Each structure stands twice: as structure tokens, then as C-alpha cells.
Amino acid sequence: MKKLLTNLTFWVLTAISLGILIGHLRPDLVLLPILDAPLKGRFMGQELTIGATFSEFLSGIFISAVKLFISPIIFLTITLGIVSMGDLKKVGKVGAKALLYFEVVTTVALLIGVVVANVIRPGDGVVTSALGGGDISKFTKTASAFSWWQFFLDNVTLQVLLAAILTGTLLTRYEGRDRIVAVMNRVSKVIFSGLHKVMLLAPIGAFGGMAYTIGKYGLGTLLPLAKLMITVYTTMALFIFGVLGAILYTCRVPILKFLRYIREELLIVLGTSSSEAGLPSLMEKLERMGCAKSVVGLVVPAGYSFNLDGTTIYLSMATIFLAQVFNVHLSGSQLLTIVGILMVTSKGAAGVTGSGFVVLASTLTAINVIPVEGLALLLGVDRFMSEARSITNFIGNGVATVWLANHEKAFDRNKMELAFGNVEDSEKIKV
């Protein structure tokens, strides 16, 4: 019993269950305003938002606290990894191989979404007038043409990634780097120690996020679009266990053991609908299971910008779904155009809640054959599908790191066996 009560996974799962229950039974309580308006601002490069309602406030506090660790952890991990690697040609090789992997796997995810949506046709029979409206102006206003420059300006993770690569490169050429590296190692240990303490707040964040979702939208909003929901979740499950499972199989890493190893982080992502909430912890666990620090530091941050498998599947299926709802027949050339556009616009979706919806708006605007007003149909269920997107993105980045570490011969299988065999011990809460 004591072992169970000190296990963070147990508390996160309990918090999610309570969030669903209280959000359904007492939406007035979880949506109780405690601030006049949401608190928004930037700190250490991260966009921080704390909602005005009780449940949003709880979730926002946790996510904002975790975000504070993202930039320093990425910077220190990548910089120290490059210095330890020493060979700059190897750094470039890993980066190029990672980008190629991202493009191939996300294209596979995109094609799977298009094919499944056309076979199951979840949009057939949906009556638009029966689903209610919604304010989509905040999404359509930001649905401008895709800009790589704007993508870079808005993506703090990518900026930190490039800054760390530059710093690591300069340090490898500096003769007095040992003293600087020693200081950075000490700072890294302090930051990770602080992260472990913040992660103890995960149950509170998971409770707030789930309670807000259920309290605001209600379980009844799922019924009109149940077919789309089931199709999306099923497709993502098939992608995880089929495509990602096959990739791990080539590395002799069992997908089920890998998912069990990161289950704590998966539950946090599920509860908060934000894959960023688990990013720092994922990086630490990947190192612990045998992936080289240098590979983890390069692949995971880049993956959060370019390897969004779940978002890609959602964008493709949602686009085809809306075409079916409005009886828009898409020819073969139009489907290829959609695939081409999504290959670009999907890269502009950061791994945070709601960004996929904005990218969908920009995609529909670029295609210009499906009414953008159809986005109102998805407002009520977007939060629920955001959970599936975030989890798939999260797992996809973990798998990408393991695969690249294996192919770069930067993977310690003995560490993996130890980590997989002592999951409970490594996940105990230190009081």
C-alpha cells in the first residue's frame, strides 16, 4: 500500500479520474471564475498562460512551471552533448538524419490519415445545423499564409536549439572549455533536481486540465461527432502500435515496455493536453534508458517542431471530414494538393494545446475548396482530440530518438534493460 501511495503514476491517474467525475457532475465548480481575466506573459522565452477559471488555473500553474525548465534543459543538454561528442561532422550527420526521418514518418502519418478518412468516411451523414455554431474568428484571423520566418520567430524551442548548437560548436574550439563545461554540468543537475520537485504537482495539473475539458464541453458534445472521434483515436492507435511499433522492433525495443516506461509522462500529457508538459522528463528518461545525451538533445527539441505525427494525422482526417460534411468531392489532384500543403503547414504546429486548430484553419484557407466555417463543427471536440494528438506526438518523438540513437551506435542496451526492469523503482516519489 505504501508503494502505491508513493507512486506518481497512481496519483496522476487518480487525478484524471476525479477531473472527469467532478467536471461532469459539478461543471459550475470547475468553471468558477477566480480571476477577472487570464494571465498571459512571456518569461525565459516561453509563452505562459494561466486561465481565469478554477480548473484552468490549476492546469496553467503546472504547465507554466514545467515550461520554465524547457529552454534551459534543451540548451544545456544540446551544448554539453555537442561538446562531449567532439566531432562536428557527427553532429551535422545526426541532425540531417533526424530531419530526413521526421519527413518520412510524418508523410506516412499524413497518408494514413487521408486513406482512413476516405475509407471510413466519418463526415457522411453529419447535419451541420444540428451541431451548433461557434466563434472561429480567433482561428481564421491567424490563418494567414504559412511563413517559415514567422514559424521561426514563434518557435522558441527551435531558437534555443539553434543557439545551443552554435554555443556547443564554439565551445568545442575553445581550449579553456573544461571550466565552463564543469559549471554547466552543475547547473544542469540543479535544474533537473528542480524539475523533479515540480513534477510532484503533476496530479494537480492533470486534474485541472481534465476537469476543465469535461466541465466546459461536456460528454454530450462527443455524441454528434462520435464517429470522427473514434476514427481519429483508432487511427492514432494503429499508427502507434503499427508504424512506431515496427520502427522500435527494428531496434529490438518492445513498444509495450517502452510505453510502460514512459506511462507517467503519458498520463500527464493526457491530463493536460500538452505534450510540452512531459518534454523535460522525456529527455531525462531517454538518457536513462541508454540514448546518448547528444542524440537526445538534438532529436527531441527538433521533433517538437518537425515530427508532429499526431497533429499530422488529425489535420489530414479533419480536412477530409469537413469535405465530406459539406459534400465537397475531392479529385485525385486535389487530394495530392492537400497532402502537399499539409506537409508544410503541419510543421508550423507547435506541441501545445490549440495550435493544431489554427494550422487547420490556415490549411483550409490555402486549399480554398472547403468552407472555413466548418471549423465551428470541431470546436466542441477539439480539446478531446488534442489529447490524442499530444500523446501521439509525444510517443513519436521518443521513438525517433531511440531509432536514431541505435543507428548512430549511441545506444546503451544494458541501460535500457535496467530501466525497463526497474520502472517502479525509478518512478517513486522522493518525499
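The values are calculated or read from the model by the stated rules, or taken from the named source; none is laboratory data. Because the structure is a prediction, the values reported are computed rather than measured. Because the Cβ atoms are built from the backbone with ideal geometry, glycine has one as well, and the counts that use them run over all protein chains shown. Only protein heavy atoms, including side chains, enter the accessible area calculation; ligands, DNA and RNA are left aside. Shrake-Rupley method; radii C 1.70, N 1.55, O 1.52, S 1.80 Å.
General observations
- Some residue of the stretch 390-397 being among the aromatic types (Phe, Trp, Tyr), open to solvent by less than 10 Å² (accessible area, probe 1.4 Å) and in a helix (DSSP H, G or I): yes
- Breaking point among (1) open to solvent by 20 Å² or more (accessible area, probe 1.4 Å); (2) closer than 25 Å to residue 287 by Cα, for residue 175: (2)
- Remark: pairs (first residue in the stretch 307-336, under 15 Å from residue 225 (Cβ atoms) and free of Cβ contacts under 8 Å to residues at least 40 places away in the same chain; second residue open to solvent by 10 Å² or more (accessible area, probe 1.4 Å) and not in a helix (DSSP H, G or I); Cβ separation under 9 Å; 6+ apart in sequence or on different chains) are absent.
- Criterion violated by residue 51 - all others in (1) of a type outside the set (Lys, Arg); (2) at pLDDT below 80; (3) open to solvent by less than 40 Å² (accessible area, probe 1.4 Å); (4) under 30 Å from residue 293 (Cα atoms) satisfied: (4)
- Any hit, the stretch 121-137, residues being part of a helix (DSSP H, G or I), closer than 16 Å to residue 318 by Cα, modelled with pLDDT of 80 or more and in contact with a Leu (Cβ under 6 Å, 6 or more places away or on another chain): no
- Whichever residue in the stretch 181-228 is modelled with pLDDT of 85 or more and polar (S, T, N, Q) and, among such residues, is surrounded by the most Cβ atoms within 10 Å (Cβ to Cβ): 188
- Residues of the stretch 9-38 that are over 11 Å from residue 53 (Cα atoms) and modelled with pLDDT under 75: 9 alone.
- Verdict on residue 91 being buried (at least 18 other Cβ atoms within 10 Å of the Cβ) and more than 20 Å from the chain's Cα centre (by Cα): yes
- Residues that are under 21 Å from residue 208 (Cβ atoms) and assigned to a loop (DSSP other than H, G, I, E, B), drawn from the stretch 271-307: 273, 274
- Enumeration of residues in the stretch 97-121 that are open to solvent by 80 Å² or more (accessible area, probe 1.4 Å) and under 18 Å from the mean Cα position of the chain (by Cα): 99
- Within the stretch 360-369, the residues that satisfy the criterion of being among the aliphatic types (A, V, I, L, M) and open to solvent by 10 Å² or more (accessible area, probe 1.4 Å) are 366, 367, 369.
- Flag for residue 152 being assigned to a helix (DSSP H, G or I), at pLDDT below 85, more than 16 Å from residue 74 (Cα to Cα) and open to solvent by 40 Å² or more (accessible area, probe 1.4 Å): yes
- Being open to solvent by less than 10 Å² (accessible area, probe 1.4 Å) and among the small types (Gly, Ala, Ser) is a description that applies to residue 318.
- Within the stretch 373-389, the residues that satisfy the criterion of being surrounded by 19 or more Cβ atoms within 10 Å (Cβ to Cβ) and not aliphatic (A, V, I, L, M) are 374, 380, 382, 383, 384, 386, 387, 389.
- When residue 264 is tested against (1) at pLDDT 90 or above; (2) under 23 Å from residue 74 (Cβ atoms); (3) open to solvent by 10 Å² or more (accessible area, probe 1.4 Å), only condition (1) is not met.
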